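The values are calculated or read from the model by the stated rules, or taken from the named source; none is laboratory data. Quick caveat, the model's predicted, so the values are computed rather than measured. Backbone-built Cβ (ideal geometry, glycine too); neighbour counts: all protein chains shown.
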Amino acid sequence: MIFLDTVAGMPYAQMPLNDQLERTGAYLLESISGPFEIAGVPITVEAAVGVAHTGLPGMDSLDALMVAADTAMYAAKRDRTRVEVWSPAIASTASADLGLQTELRGAIADGQLVVHYQPLVDARTREIVSLEALVRWEHPRRGLLPPGAFVPQAESSDIIHLLTERVLADAVAQAARWHHGGWTVPVAVNLAAPVLTSDRIVHTIRRLLADSGLPPYALIVEITESAVMTRPEQSAARLQAIRDLGVRIAMDDFGTGYTSLALLSRLPLDELKLDRTFVMRVHEPHERVIVEAVTRMAGQLGLTSVAEGVEDEQTALTLAGIGVDLLQGYHFSRPVPAGELTPALART
Ligand code: C2E
Ligand code: MG
Ligand code: MG
């Protein structure tokens, strides 16, 4: 039972219906958000609420209501608004997403996804230490699309598994070609949250390594804080299974999510990638303090520290001075097709 008497000075019952529903949704979310302590680790819950009601057009059956509420919930997740009440506009965005998903499924089968590689360099020697694999879609009409234009839509369906398997297969095959050619450069692949909810990813990685002959230490997987926070215990176990194969694990975009520091020390991690938003502002005294603290913490936890989004020499020098291990950013190279890197690797 929810009691909402007055909200912002206005009696709840006098508010417009949509406002009432949004307030109720927000109240529910707040009630379940935590933090709850599980095995000594404070866990916060991220959820989304979709609402449909019989006053809306076309809501003349229980099925119609359920579909509309589900569609609204996906919109709330996607747009990070947390609560959405169904409307015809939401339905049309959902059908646009559905169209893109159908097209993407075909594109993966047709080999329209390509992988570009961006170097991570040693902060002191500037030598290439590893590469990050970043997916692009060579769209027949729209040109080369960045991952932001299709990965989020893939994440809300099973297409994310197909996409991840495609990128992993390409990246492992490319790393194996470099390895067999005498350049062993570890390649990092990004894993989205839904991929960590099934054992399929562990089997895929094991099979790809066995088939290609790539040594496991030449593969890194990158996960984000939110990917782990979805189901921390389950994700930690799955990451451990991946790490047991000999693959290394990097925490991506660190500092933008809600990871508790306790969780950080419990996850099987090798690398900590400090998000670009901190790196960009490292010249401001307060931001510098954060970068220094995270770098020191990474070192003490035995993790390699990485700064993402290094765009100029001054930033690179500052970060090297702070003691960050690896640097990644446009200052060294944009993500490029594998062919453009082969001569660079040959020189190192
Ligand atoms: P990310 O994993 O944090 O990757 C780094 C992003 O920062 C890349 O954007 C890269 O091009 C960009 N970047 C690198 N250096 C600089 C710089 O100096 N300045 C600026 N402004 N940006 C820089 P991109 O390629 O657009 O990828 C965006 C995100 O999409 C990635 O962020 C990652 O979360 C996701 N993504 C990319 N490929 C995949 C994939 O194969 N699977 C999944 N699940 N996600 C992917
Ligand atoms: Mg990444
Ligand atoms: Mg990142």
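Structure notes:
- Filter pass, D158 being modelled with pLDDT under 90 and either within 16 Å of ligand 1 (Cβ to nearest atom) or touching a Ser or Thr at 6+ places or on another chain (Cβ under 6 Å) (or both): yes
- Set E46, E37, E84: member being in a strand (DSSP E or B) and either closer than 30 Å to A149 by Cα or among the polar types (S, T, N, Q) (or both): E84
- Within the stretch 161-194, tally of residues that are within 16 Å of ligand 3 (Cβ to nearest atom), of a type in the set (A, V, I, L, M, F, W, C) and in contact with a Ser or Thr (Cβ under 9 Å, 6 or more places away or on another chain): 6
- Filtered by the rule that a residue be more than 16 Å from ligand 3 (Cβ to nearest atom) and assigned to a loop (DSSP other than H, G, I, E, B), the stretch 302-340 gives G302, D312, G323.
- Condition met for E37 (acidic (D, E) and more than 30 Å from R136 (Cβ to Cβ)): yes
- Enumeration of residues in the stretch 208-231 that are closer than 30 Å to R80 by Cβ, buried (at least 19 other Cβ atoms within 10 Å of the Cβ) and more than 16 Å from ligand 2 (Cβ to nearest atom): M229
- Some residue of the stretch 186-206 being in contact with a Phe, Trp or Tyr (Cβ under 9 Å, 6 or more places away or on another chain) and in the same structural domain as T256 (by TED's automatic domain parsing): yes
- Residues in the stretch 212-243 that are modelled with pLDDT under 95, charged (D, E, K, R) and more than 16 Å from ligand 1 (Cβ to nearest atom): R231, E233.
- Identity of the residue in the stretch 299-315, away from ligand 2 (no atom under 16 Å from the Cβ) and under 14 Å from K273 (Cα atoms), that ends up surrounded by the most Cβ atoms within 10 Å (Cβ to Cβ): G299
- Of the helices (runs of 4 or more DSSP H) lying entirely inside the stretch 146-238, those carrying at least 2 residues that are within 18 Å of the chain's Cα centre (by Cα) and within 24 Å of R276 (Cβ to Cβ) are 151-155, 159-180, 225-230.
- Test result for L263, in a helix (DSSP H, G or I), modelled with pLDDT of 95 or more, of a type in the set (A, V, I, L, M, F, W, C) and more than 16 Å from ligand 3 (Cβ to nearest atom): no
- In the stretch 245-280, the residues that are surrounded by 15 or more Cβ atoms within 10 Å (Cβ to Cβ) and under 18 Å from Q314 (Cβ atoms): L274, R276, F278, V279, M280
- Close pairs (7 angstrom Cβ cut-off, 6 or more residues apart or separate chains): within 16 Å of ligand 3 (Cβ to nearest atom) in the stretch 216-230, part of a helix (DSSP H, G or I) and of a type in the set (S, T, Y) anywhere: A227/S235; V228/S235
- Selection from the stretch 241-260 of residues that are assigned to a helix (DSSP H, G or I) and touching a strand residue (DSSP E or B) at 6+ places or on another chain (Cβ under 9 Å): I242, R243
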